[in-house]
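Report on the following structure.
The values are calculated or read from the model by the stated rules, or taken from the named source; none is laboratory data. Predicted model, so just to flag it, every value in this text is computed and none were measured. As a convention, Cβ positions derive from the backbone with ideal geometry for all residues, glycine included, and neighbour counts pool all protein chains shown.
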Amino acid sequence: MSYSAFDSVSAAFAVDGLEMRSHKGRSVEQVIVEGGVHYLKRYWLAGSQIFQRHVARGYHELRMIDWLNQQGFTGPKVVRRGDSRCLGIGLKLFFLMEEVKEELSLETVWRKNPDGANKLLQELASFTAKLHEAGFVHIDYSERHILVGGGEGRRTFRLIDVERASIGKSTPQLLANDLATLVESIADHRLQSLVRGDFIDMYIAERSTLTSGDEFRRLFSQATPTKSF
């Protein structure tokens, strides 16, 4: 399949890939385009779902992706996008994301190299602190939604599945909830303990606008994960 298959909305909606997730009004499929793995997200408006705003959620996710990539962070690598509207209302929306080779989920990286967890946590804590300082809250900040590239000391972090994310002024409690979500997403109990302890200490040390580390630890201890695992 070539990129020309995504030159129009109608063509993109005719593509048949490997279904990964499908709900009323939206779907995610894996497709091979010009020899590389890609992920196709599609949103559409149906009469029975007119108040569920699936297409609007797709537009929101694209805004979050663009913000990450423009602000020096990294979101999905979107290589094609398109939409159709009527009277200003989105009827269909798609975007095609390229899988970046040699990037692995945080979940996989920890499993492959458990002895390197401490250094990885330090780099992730620094990244997360900068992300939160910039006003970005993922809402679904899990080990499956953080892709890791590079090696020790030069790691990169890419955020995916950001359709629930928000940018702008956030409360300390929302940030603490983001970290609680990360903890609860981790299946390995040893790593969970490291994140609850050392990672939080590293994160607080990197946060330049925190007025009280003790107060943030209190908020974290009372935080509610924003995703069920």
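Go through the stretch 19-28 and count every residue that is more than 15 Å from residue 161 (Cβ to Cβ) and surrounded by 12 or more Cβ atoms within 10 Å (Cβ to Cβ).
Matching residues across the stretch 19-28 total 1.
Does residue 201 fit the bill of being at pLDDT 90 or above and charged (D, E, K, R)?
For residue 201, the condition - at pLDDT 90 or above and charged (D, E, K, R) - is met.
Limited to the stretch 117-155, what total is found for residues that are surrounded by fewer than 18 Cβ atoms within 10 Å (Cβ to Cβ), under 18 Å from residue 199 (Cβ atoms) and touching a strand residue (DSSP E or B) at 6+ places or on another chain (Cβ under 9 Å)?
2
Just to verify a result, which residue in the stretch 68-105, among those that are in a helix (DSSP H, G or I) and out of contact with any Phe, Trp or Tyr (no Cβ under 8 Å at 6 or more places or on another chain), is nearest to residue 28 (Cα to Cα)?
That would be 69.
Might you let me know whether the stretch 38-57 holds any residue that is touching a strand residue (DSSP E or B) at 6+ places or on another chain (Cβ under 9 Å), part of a strand (DSSP E or B) and loosely packed, with under 15 Cβ neighbours inside 10 Å?
No, because not a single residue in the stretch 38-57 is touching a strand residue (DSSP E or B) at 6+ places or on another chain (Cβ under 9 Å), part of a strand (DSSP E or B) and loosely packed, with under 15 Cβ neighbours inside 10 Å.
Name the residue that is surrounded by the fewest Cβ atoms within 10 Å (Cβ to Cβ), counting only residues in the stretch 175-229 that are free of Cβ contacts under 8 Å to residues at least 12 places away in the same chain, more than 15 Å from residue 133 (Cα to Cα) and small (Gly, Ala, Ser).
If we take residues in the stretch 175-229 being free of Cβ contacts under 8 Å to residues at least 12 places away in the same chain, more than 15 Å from residue 133 (Cα to Cα) and small (Gly, Ala, Ser), then 228 is surrounded by the fewest Cβ atoms within 10 Å (Cβ to Cβ).
Evaluate the stretch 53-65: report whether one residue or more is among the basic types (Lys, Arg) and in contact (Cβ under 8 Å) with a residue 40 or more places away in the chain.
Taking the stretch 53-65 first, the residues among the basic types (Lys, Arg) are 53, 57, 63.
Subset that is in contact (Cβ under 8 Å) with a residue 40 or more places away in the chain: 57.
Checking the stretch 53-65: at least one residue is among the basic types (Lys, Arg) and in contact (Cβ under 8 Å) with a residue 40 or more places away in the chain.
Across the stretch 206-229, which residue is modelled with the lowest pLDDT among those that are among the polar types (S, T, N, Q) and under 18 Å from residue 137 (Cβ atoms)? Spell out the reasoning first.
Our first condition is that a residue be among the polar types (S, T, N, Q); within the stretch 206-229, this holds for 208-209, 211-212, 221-222, 224, 226, 228.
Narrowing further to those that are under 18 Å from residue 137 (Cβ atoms): 208-209, 222, 224, 226, 228.
On the way: 208: 85, 209: 82, 222: 92, 224: 91, 226: 88, 228: 61.
In this case the residue turns out to be 228.
Residue-wise test of (1) modelled with pLDDT of 95 or more; (2) under 22 Å from residue 63 (Cβ atoms); (3) of a type in the set (Gly, Ala, Ser).
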| site | (1), (2), (3) |
| --- | --- |
| 110 | no, no, no |
| 117 | no, no, yes |
| 128 | yes, yes, no |
| 146 | yes, yes, no |
| 151 | no, no, yes |
| 163 | no, yes, no |
| 168 | no, yes, yes |
| 171 | no, yes, no |
| 174 | no, yes, no |
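Would you mention how many residues in the stretch 134-158 are touching a helix residue (DSSP H, G or I) at 6+ places or on another chain (Cβ under 6 Å) and in a strand (DSSP E or B)?
The qualifying residues number 4.
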